[in-house]
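Please read the structure below before turning to the comments.
Bear in mind that the values in this text are calculations on the coordinates, not laboratory data. Keep in mind that this is a model prediction, so the values were computed, not measured. Backbone-built Cβ (ideal geometry, glycine too); neighbour counts: all protein chains shown.
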Amino acid sequence: MNVTFKDILLFTHAGFGVLAILAALWVFKDALDASEANAARTRKAAFFVTLLMCVSWICGGYWYVHFYPGDKAMILKGPWPFAHTLFMETKEHLFFIPLILSFYLPILTREKLFSNATARKMTLCVAMLIVLSGLAIEGAGSVIGYGVRVALLHPETKVIHQ
Amino acid sequence: MNSDDPNQLGRTSAAFGWAAVVAVLFNSALTCAKDAFKPLNSLMASLTGHHWTTHGLAAIAVFFGLGLLLSKLVPAGKVPSGHLAGILTGAVIVAGLGLVGWFFLF
């Protein structure tokens, strides 16, 4: 088995991203069901969204800055250059949207969601936007990974890799 | 912090909600600007070592800076929040599709 620091970073990035999406879904469910009894739990879940998203940001950012250039060169030489030019370029900048929303969520859940319909509606919107944009980003990540894979099988990039 | 009016967000939530609207749109605008104008990309890269790092820090700074500014400077009850959920959703859709469209077309 040969698991490198690069691999750990990449899977931590993706894994914590998924966990942040699940935590946002938890906030969405709690906001739908808002009551005095679950208010503290909702705040904790919102805090976890921020925390998990930040870990995903830092790990993904470190990987992107230090390790991605090699993969990028391979993708661009391979049969799926759009995995970088469209998917990675969009993903790396789209990521900041759920990140900003994840910073906003704990601020929002300090409101009394069980008695304030506007705050509840806003929380539902923000949590769902994190879930949907997060899923889009996870999907883009898989296309980028596949872009590397098909590039490795491509005769021209096979030579570069060896 | 909390609003007594059940149809309004508290001052901090409303202020940071508007800050989020501006920050997500700023994020997409900065992406297009640095992609179209390479000296800006180089300047951003020179600040932290990578344009993406500077970009992320700038987007977060806009969110927290504007949110804090609005929540401190605008009097309580004066930060409108009635349609903020719809406006934020619209901003995220425009910003997200704007990014996809930019990298698809250019």
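Side notes on the structure shown:
- By the rule of a C-alpha distance below 22 Å, with chain neighbours fewer than 8 residues away ignored, the lysines paired with B:K38 are A:K72, A:K91.
- On a per residue basis, the convex hull of the C-alpha atoms belonging to the stretch A:5-162 measures out at 90 Å³.
- Projected label points at B:N7 and A:F82, each 7 Å from Cα along the beta carbon direction, are separated by 4.8 nanometres.
- Normalised by 2.2 N^0.38 Å, with N the number of residues, the alpha-carbon radius of gyration of chain B equals 1.25.
- The protein assembly as shown: equivalent-ellipsoid semi-axes (sqrt of 5 x gyration tensor eigenvalues, Cα, Å): 36, 20, 15
- With R₀ set to 25 Å, the beta-carbon distance separating A:S142 from B:H50 gives a calculated FRET efficiency near 0.55.
- By the combined test of axial Cα extent (at least 18 Å) and Kyte-Doolittle hydropathy (mean at least 1.0), the qualifying DSSP H helices of chain B come to B:51-73, B:84-105.
- In chain A, the DSSP-assigned H stretches of four residues or longer account for a calculated mean residue ellipticity at 222 nm of -27000 deg cm²/dmol, using -39500 (n - 2.57) per stretch and the full residue count as denominator.
- With the convex hull of its Cα atoms as the shape, the stretch A:1-88 has an orientation-averaged projected area of 7.8 nm².
- Label-point gap, in nm, between A:N2 and A:V65 - each point 7 angstrom along Cα→Cβ: 2.8 nm
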